[in-house]
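Worksheet: the structure to be examined is printed underneath.
The values are calculated or read from the model by the stated rules, or taken from the named source; none is laboratory data. Not measured: the values here are computed from a predicted model. Note that each Cβ is placed from the backbone with ideal geometry, even for glycine, and that neighbours are counted across all protein chains shown. All accessible areas refer to the heavy atoms of the entire protein, side chains included, with ligands and DNA or RNA removed. Shrake-Rupley method; radii C 1.70, N 1.55, O 1.52, S 1.80 Å.
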Amino acid sequence: MRSCQMSDLDAVHQLWNEADVRRFLFDDRKISVEEAKSFIETSLVSFASHGYGIWLFFEHQSDQIAGFSGLLHSLQGSPSLIFGTRPQLWGRGYAKEATLSILRYTFDVLELERVEADVDEPNKASIRVLEALGMSRTRRAIVNERPLLYYEIQNWGKEESAKLQLE
């Protein structure tokens, strides 16, 4: 894994516009290159200010982006977990492995107290990832006519981090 850089713009823009990725990430809306650039710029600022942003991960022995995982800064509270995997690689555990790395970094290095996430209710695969990571559902809401589920996880300590690695 490595932090997303401006040099990744074309590849990330392509990934974020894949139909099965944007369906839940951007409410099935195609995003422009300028919007993708803005997300990367915001991530870079967040890394400088908070120590976190969006990371990219790669399939073993490949330069092609397999997916992304990271934290989005929130003025309202805890950072929000975001992740996605190239559809051709679904079901291989990449999302869980990447997000687990993000949570370990968040709690063990940055020593943050809590991480939140929201997920479209029909996105069963992402719900399974969040629950496998030990995140608890806190509420359900309708946002832009779409049902969203909200999750959170508190700083788990070193023992919980090691336990998740073994599963």
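Between 116, 160, 152, the distinction of being at pLDDT below 95 and open to solvent by 40 Å² or more (accessible area, probe 1.4 Å) belongs to 160 only.
Taking the criterion of being part of a helix (DSSP H, G or I) and open to solvent by less than 50 Å² (accessible area, probe 1.4 Å), the residues of the stretch 36-52 that qualify are 36, 40, 43, 46, 47. Could we say that residue 74 is among the hydroxyl-bearing types (Ser, Thr, Tyr) and at pLDDT below 90 here? Spelling it out, residue 74 is indeed among the hydroxyl-bearing types (Ser, Thr, Tyr) and at pLDDT below 90. Quick check on my filter: what residues within the stretch 3-15 are of a type outside the set (Ser, Thr, Tyr) and either over 14 Å from the mean Cα position of the chain (by Cα) or closer than 15 Å to residue 71 by Cβ (or both)? Of everything in the stretch 3-15, those that are of a type outside the set (Ser, Thr, Tyr) and either over 14 Å from the mean Cα position of the chain (by Cα) or closer than 15 Å to residue 71 by Cβ (or both) turn out to be 4, 5, 6, 8, 9, 10, 11, 13, 14.
Is there a residue being touching a residue at least 40 places away in the same chain (Cβ under 8 Å) and among the aromatic types (Phe, Trp, Tyr) anywhere in the stretch 29-46? The answer is no; no qualifying residue exists.
So in the stretch 120-157, with the set limited to residues that are charged (D, E, K, R) and assigned to a strand (DSSP E or B), which one is nearest to residue 78 (Cα to Cα)?
My answer is 152.
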